[in-house]
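Structure first, then comments.
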Amino acid sequence: MLHLVDVDDFSKETVLKIIKDAKSFKIKLPPKLLSNKLIITLFFEPSTRTRSSFEVAAKRLGADVVHLDPAKSSTKKGETLEDTFANLCAMNPDGVIIRHTQDESAKVLADMKLVPVINAGTGKNAHPTQALLDIFTIYEHFNGDIEGKNITIIGDIANSRVAGSNIKLLQTMGLNVTLVAPKEFMPQTSLPNFENLEQGIENADIIMSLRAQLERHKKPIFDDYGEYAKHYCIQPKHIEGKSIAVMHPGPVMRNIDISDEVLASNKSLVLEQVSNGVYVRMAVLKHLLLDNA
Ligand code: CP
């Protein structure tokens with residue numbers, strides 16, 4: 001039984017297979033490969049993109065999808081996550097997709113070995129399908145020529161699960177990763193890192209901006225995000241005259257993370273990332289629930 005708890009569950013070869021399948025699904029929707037499968041989605045944190053993207057992906061492949069809303073579930077009566085999961089698994093789903101506040105939650109459920117578990121974002125450590133859709137978007141943008149490309153990740157890196165998974169996967173796939181953040185948002189790292197945005201993006205082929213993870217800050221880190229934006233918001237002056245792609249996993253804090261003008265520019269891949277998320281999640285579901293069932 002295979003799970004996707006974080007990107008290191010997939011080898012480089014598997015990631016290339018996911019990219020290949022996602023590309024073929026983007027060119028032509030496949031037949032209903034998962035028509036006899038049942039998938040349960042379990043989101044303990046809000047989501048716009050990931051939940052709907054997984055559900056669209058599953059339905060495009062013909063799977064049935066059941067969503068359990070934790071706010072209206074028996075977790076509110078004190079049932080543990082493990083018991084909730086075991087009870088759902090007693091209904092014989094083929095996979096469970098989970099988003100949770102706790103870093104270890106997807107691994108805890110995967111270790112129960114009841115059904116393939118797919119991590120849709122846990123705590124501040126892992127968001128593997130975001131990293132996979134990001135590498136797919138980069139791969140497409142550069143026609144597969146990604147080895148040695150320079151990517152700079154900017155923002156609240158210390159608290160971002162997108163950064164956690166991406167830093168690992170981007171390096172596995174041969175990209176050079178640089179980090180830019182104020183010291184409050186910078187993790188312990190051996191990667192090249194800068195407080196100054198201009199210095200950090202000097203050689204960048206790709207900028208990946210991240211929002212401040214306000215919901216994960218125990219107390220406010222900055223009183224004034226307008227002041228933060230003066231130093232870290234991606235503005236036209238940062239991309240003009242350069243061959244550079246701008247990415248963001250969403251939700252974007254407009255004019256704090258990225259300016260309206262940059263978001264609207266043809267250098268922004270932000271909505272392309274969302275489109276690609278459906279094809280990548282189709283490929284992940286196929287890999288876990290069909291090819292390795
Ligand atoms: N990128 C991402 O995880 O977005 P959502 O929180 O809307 O799912």
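The values are calculated or read from the model by the stated rules, or taken from the named source; none is laboratory data. Keep in mind that this is a model prediction, so the values were computed, not measured. Cβ placement follows ideal geometry from the backbone for every residue including glycine, while neighbour counts extend to all protein chains displayed.
Checked against the criterion of being touching a strand residue (DSSP E or B) at 6+ places or on another chain (Cβ under 9 Å), among the aromatic types (Phe, Trp, Tyr), over 16 Å from His3 (Cα atoms) and touching a residue at least 12 places away in the same chain (Cβ under 8 Å), region 49-56 has no qualifying residue.
Meeting the requirement of 2 or more residues that are more than 16 Å from the ligand (Cβ to nearest atom) and among the charged types (D, E, K, R), the helices (runs of 4 or more DSSP H) wholly within region 194-293 are 225-232, 260-264. Take the conditions at pLDDT 95 or above and either within 16 Å of the ligand (Cβ to nearest atom) or in contact with a strand residue (DSSP E or B) (Cβ under 9 Å, 6 or more places away or on another chain) (or both) and apply them to Val66. Does it pass? Taking the combined requirement at face value, the residue satisfies it. Within region 35-57, if we keep just the residues that are away from the ligand (no atom under 15 Å from the Cβ) and within 20 Å of the chain's Cα centre (by Cα), the residue that is surrounded by the fewest Cβ atoms within 10 Å (Cβ to Cβ) turns out to be Ile40. One residue alone among Glu215, Glu261 is within 29 Å of Ser53 (Cα to Cα), at pLDDT 95 or above and assigned by TED's automatic domain parsing to the domain that holds Asn143, and that residue is Glu261.
Based on what the data block shows, is Glu79 over 17 Å from Val117 (Cα atoms), away from the ligand (no atom under 16 Å from the Cβ), assigned to a loop (DSSP other than H, G, I, E, B) and modelled with pLDDT of 95 or more? Yes, satisfied. Contact map, region 238-267: residues that are in contact (Cβ under 8 Å) with a residue 12 or more places away in the chain paired with residues that are among the small types (Gly, Ala, Ser) and part of a helix (DSSP H, G or I), Cβ distance under 6 Å, separation 6+ or inter-chain. Pairs shown: Ile256/Ala229. Taking the criterion of being within 19 Å of Val162 (Cα to Cα) and surrounded by fewer than 17 Cβ atoms within 10 Å (Cβ to Cβ), the residues of region 194-217 that qualify are Leu214, Glu215, Arg216, His217. Filtered by the rule that a residue be touching a helix residue (DSSP H, G or I) at 6+ places or on another chain (Cβ under 6 Å) and closer than 27 Å to Gln188 by Cβ, region 107-128 gives Asn119, Ala120, Gly121, Thr122, Lys124, Asn125, Ala126, His127, Pro128. There is at least one residue in region 265-284 that is surrounded by fewer than 19 Cβ atoms within 10 Å (Cβ to Cβ), over 17 Å from the mean Cα position of the chain (by Cα) and not basic (Lys, Arg).
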